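The values are calculated or read from the model by the stated rules, or taken from the named source; none is laboratory data. All values reported here derive from a predicted model rather than from experimental measurement. Note that each Cβ is placed from the backbone with ideal geometry, even for glycine, and that neighbours are counted across all protein chains shown.
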Amino acid sequence: MTAPREPWQVFTEEAAPPPWRDFYPARMPDGRVLELPIRDYGDVGVTGLIANQTSFAVARALSGWMTDAVRDLAPEVVLGLPTLGQVFAPQIAEMLGHPNWVAAGYTRKRWYDEELSVPISSSTGPGERRLWLDPRVAHRLRGRRVLLVDDVISTGSSALAGLALLRLLNVVPVALAVALAQGDRWRGGWPAQVPVRWAFATPLLRHVSNGWQEKAAF
């Protein structure tokens with residue numbers, strides 16, 4: 001039995017030309033290609049990345065490019081979102097020379113305070129839940145240059161929840177760092193004072209008779 005074709009495990013040198021049927025060849029900062037599965041959202045197609053299913057080599061490379069993209073901002077602490085930004089957040093913090101990082105979570109521990117939580121949703125996870133911060137580590141964020149980390153920005157909903165959580169501490173992050181900027185649907189609702197930095201970007205896609213093509217240049 002032939003194993004199914006599995007994305008985001010290795011970088012390749014060649015990019016398949018359009019139209020694309022199942023995979024989009026995303027170009028990396030070093031010129032290599034990472035194949036991403038195409039997801040049909042009805043009126044638009046997007047390229048998917050599931051960070052906790054990547055190979056170690058791919059996750060390491062993406063973390064390195066994300067770190068390079070934010071190093072000039074001199075962040076003092078990294079906050080990773082559980083919408084799979086936590087695959088990259090500890091590696092980025094270590095690459096920046098930090099001794100630790102801060103993890104927001106979906107689960108409320110017994111000692112958590114509801115005043116340190118906000119609603120959160122994402123384009124890939126329907127339904128709403130709450131985003132929590134352990135009050136025992138909140139002091140690491142207050143008054144610091146915080147880098148917010150997520151895996152993908154698509155509509156921006158999960159990252160906006162991260163901003164709302166930081167507002168509870170009167171913190172505006174120096175930037176949001178993501179591995180993948182997926183199209184431009186997030187731009188309309190994103191605050192201009194928080195820059196978004198990414199390892200790579202992919203366009204939205206449109207249906208054609210025999211597959212998918214870019215809907216518009218990113």
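Taking each residue of region 126-148 that is free of Cβ contacts under 8 Å to residues at least 12 places away in the same chain and looking for partners that are among the hydroxyl-bearing types (S, T, Y) with beta-carbon atoms closer than 9 Å, six or more apart or interchain, yields G127/S121; E128/S121. For the structure I just gave you, tell me whether S121 is within 24 Å of I38 (Cβ to Cβ), surrounded by fewer than 18 Cβ atoms within 10 Å (Cβ to Cβ) and either over 11 Å from the mean Cα position of the chain (by Cα) or small (G, A, S) (or both). Spelling it out, S121 is indeed within 24 Å of I38 (Cβ to Cβ), surrounded by fewer than 18 Cβ atoms within 10 Å (Cβ to Cβ) and either over 11 Å from the mean Cα position of the chain (by Cα) or small (G, A, S) (or both).
For region 5-41, filtering for residues that are outside any loop (DSSP other than H, G, I, E, B) and closer than 15 Å to A61 by Cα leaves 6. Among residues belonging to region 177-218 that are among the polar types (S, T, N, Q) and more than 15 Å from the chain's Cα centre (by Cα), point out the one that is surrounded by the most Cβ atoms within 10 Å (Cβ to Cβ). Restricting to residues being among the polar types (S, T, N, Q) and more than 15 Å from the chain's Cα centre (by Cα), the top hit is Q213. For region 52-61, does any single residue satisfy the condition of being crowded, with 22+ Cβ neighbours inside 10 Å, at pLDDT 95 or above and not in a loop (DSSP other than H, G, I, E, B)? Checked region 52-61: no residue is crowded, with 22+ Cβ neighbours inside 10 Å, at pLDDT 95 or above and not in a loop (DSSP other than H, G, I, E, B).
Against the numbered list (1) in a helix (DSSP H, G or I); (2) on the phi > 0 side of the Ramachandran plot, D72 comes up short only at (2).
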